[in-house]
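K.L.:
Okay, handing you the structure first.
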Amino acid sequence: MSKDYYKILGVDKGASQDEIKKAFRKLAHKHHPDKPGGDEATFKEVNEAYQVLGDETKRKQFDQYGSDFQQQGGFGGGAGWEDFMRAARGGGGFQGGGGAQFDFGDIFGDMFGFGGGSSRGGQGRTRRGNDVQVDIEITFEEAAFGVERDIRLQKQNDCDVCSGSGAEPGSDVKTCVECGGRGQVIRVQQTILGAMQTAATCPTCHGAGKKSEKSCKHCSGAGMVRSESSYKVKIPGGIDNGGVIRLTGKGESAGAQGHAGDLYVQVHVRSKAGFQRHEFDIYTEVSISFVQAALGDKIEIDTLDGKKKLVIPEGTQPGQKFKLKNLGVTRLHHTGRGDQYVTVNVAVPKKLSKKAKKLVEELRGEL
């Protein structure tokens, strides 16, 4: 049965190449098998559709003959799956026999961390360092009002001697011999579909197109060394358990001609006995006696701001809830605070003295 490549990509027959590429990018991100929830079968089908519709010649043949146009002398199917996935994970591009070029660094860069836009002058894509995650634990009160914490960790950092360039200070910088200053190297592989041309970041200059005559002795030209880093992290008031703070560019160094990854700080909030949180409101409970409930009283309760007085009006019912405004958690990224809700539990004594029992009996007749 013929496949409708337009329907697979969700575009009209008159769609432009930009619209086709945009549709492919969206579906590829959604169904990529290396992504949680990805679907390899659907991804293959999307890939096949894009390789046909993304090439003007094959698209015209498809419009004329349908997806069976390879039987009419056209080029059907798509590039080999192994080559496709290798290019997709490697961040480069490849060119099929029909001339269609596919830039997977552009399409999948955000997903796998190897993208980041082409550098100027047509050079290869710059590398990106690994992202790093650290976990910290804070108290219930610190989460409510915010706190500043110092964190220390071992990771790859820019070399202090060459400032991450990989070049020995004072050495001359010349055009890279391997890539001729392009920042990319072109390789040709033989596949079941014929010769396949791939473009990858130059391993010698790492996409810069230039390389120093002498490598930094301290880092052996890598531009990075493993060392300890320390940062002050401001944890905003209102953050909840599991919240994540991102420190851009504070992850691992990528070395020469690269960009550092990001540092993610995941916050774990310790529970506080007697306190429950829902968004920015706090929920607590307090027990009072039958007499206090019936006659009213003024009691002391715990809040995030310390001890506070709560007025119990006469005739308070079991389970009745009182609202204390602005005694909750700081509203994250906003002004003001949530509220505290206090639920009253009326304690009924299990045993009564003879005198108390007599008084209750007399009270029963009055109620």
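K.L.:
Residues in segment 320-366 that are in a loop (DSSP other than H, G, I, E, B), at pLDDT below 90 and more than 30 Å from Ile239 (Cβ to Cβ): how many?
P.N.:
Of the residues in that region, 6 qualify.
K.L.:
Hey, does segment 92-105 have a residue that's outside any helix (DSSP H, G or I), surrounded by fewer than 18 Cβ atoms within 10 Å (Cβ to Cβ) and at pLDDT 50 or above?
P.N.:
no
K.L.:
Inspect segment 269-291 for any residue being farther than 20 Å from Ile151 by Cβ, among the basic types (Lys, Arg) and touching a strand residue (DSSP E or B) at 6+ places or on another chain (Cβ under 7 Å) and give the result as yes or no. Let's see the steps before the verdict.
P.N.:
Taking segment 269-291 first, the residues farther than 20 Å from Ile151 by Cβ are 271-291.
Checking the rest, the ones that are also among the basic types (Lys, Arg) come to 272, 277.
Subsequent filtering for residues that are touching a strand residue (DSSP E or B) at 6+ places or on another chain (Cβ under 7 Å) retains none.
Checking segment 269-291: not a single residue is farther than 20 Å from Ile151 by Cβ, among the basic types (Lys, Arg) and touching a strand residue (DSSP E or B) at 6+ places or on another chain (Cβ under 7 Å).
K.L.:
So in segment 297-319, with the set limited to residues that are small (Gly, Ala, Ser) and at pLDDT 90 or above, which one is nearest to the chain's Cα centre (by Cα)?
P.N.:
So the residue we want is Gly306.
K.L.:
For the condition open to solvent by 40 Å² or more (accessible area, probe 1.4 Å) and under 30 Å from Gln133 (Cα atoms), what is the one hit in Ser215, Ser165?
P.N.:
Of the residues listed, the single one that is open to solvent by 40 Å² or more (accessible area, probe 1.4 Å) and under 30 Å from Gln133 (Cα atoms) is Ser165.
K.L.:
So the check is Cβ under 7 Å with 6+ separation or different chains; which pairs have a first residue in segment 324-349 that's closer than 17 Å to Asp240 by Cα and a second one that's hydroxyl-bearing (Ser, Thr, Tyr) and surrounded by 12 or more Cβ atoms within 10 Å (Cβ to Cβ)?
P.N.:
Correct list of pairs: Leu327/Thr303; Arg337/Thr330; Gln340/Thr284; Gln340/Thr303.
K.L.:
Shifting gears a bit: I'm told Gln317 meets every condition in (1) open to solvent by 100 Å² or more (accessible area, probe 1.4 Å); (2) part of a strand (DSSP E or B); (3) touching a residue at least 24 places away in the same chain (Cβ under 8 Å) except one. Can you identify the failing condition by its number?
P.N.:
(2)
K.L.:
If you go through segment 320-359 one residue at a time, how many are within 31 Å of the chain's Cα centre (by Cα) and open to solvent by 60 Å² or more (accessible area, probe 1.4 Å)?
P.N.:
Selection size over segment 320-359: 4.
K.L.:
I'm told Leu310 meets every condition in (1) in contact (Cβ under 8 Å) with a residue 60 or more places away in the chain; (2) surrounded by 15 or more Cβ atoms within 10 Å (Cβ to Cβ) except one. Can you identify the failing condition by its number?
P.N.:
(1) is the only condition that Leu310 fails.
K.L.:
Does segment 221-279 hold any residues that are among the β-branched types (Val, Ile, Thr) and either assigned to a strand (DSSP E or B) or surrounded by fewer than 19 Cβ atoms within 10 Å (Cβ to Cβ) (or both), and which are they? Quick ask: steps written out before the conclusion?
P.N.:
As a first pass, look at segment 221-279 and keep what is among the β-branched types (Val, Ile, Thr): 225, 233, 235, 239, 244-245, 248, 265, 267, 269.
Correct list: Val225, Val233, Ile235, Val244, Ile245, Thr248, Val265, Val267, Val269.
K.L.:
Give the residue, chosen from Lys174, Lys155, that is assigned to a strand (DSSP E or B) and open to solvent by less than 20 Å² (accessible area, probe 1.4 Å).
P.N.:
Lys155
K.L.:
Next question. All but one of (1) free of Cβ contacts under 8 Å to residues at least 12 places away in the same chain; (2) in contact with a Cys (Cβ under 8 Å, 6 or more places away or on another chain) hold for Ser220; which doesn't?
P.N.:
Of (1) free of Cβ contacts under 8 Å to residues at least 12 places away in the same chain; (2) in contact with a Cys (Cβ under 8 Å, 6 or more places away or on another chain), only one is false for Ser220: (2).
The values are calculated or read from the model by the stated rules, or taken from the named source; none is laboratory data. Predicted, not measured: the structure shown is a model, and the values here were computed from it. Note that each Cβ is placed from the backbone with ideal geometry, even for glycine, and that neighbours are counted across all protein chains shown. Accessible surface areas use protein heavy atoms only, side chains included; no ligands, DNA or RNA. Shrake-Rupley method; radii C 1.70, N 1.55, O 1.52, S 1.80 Å.
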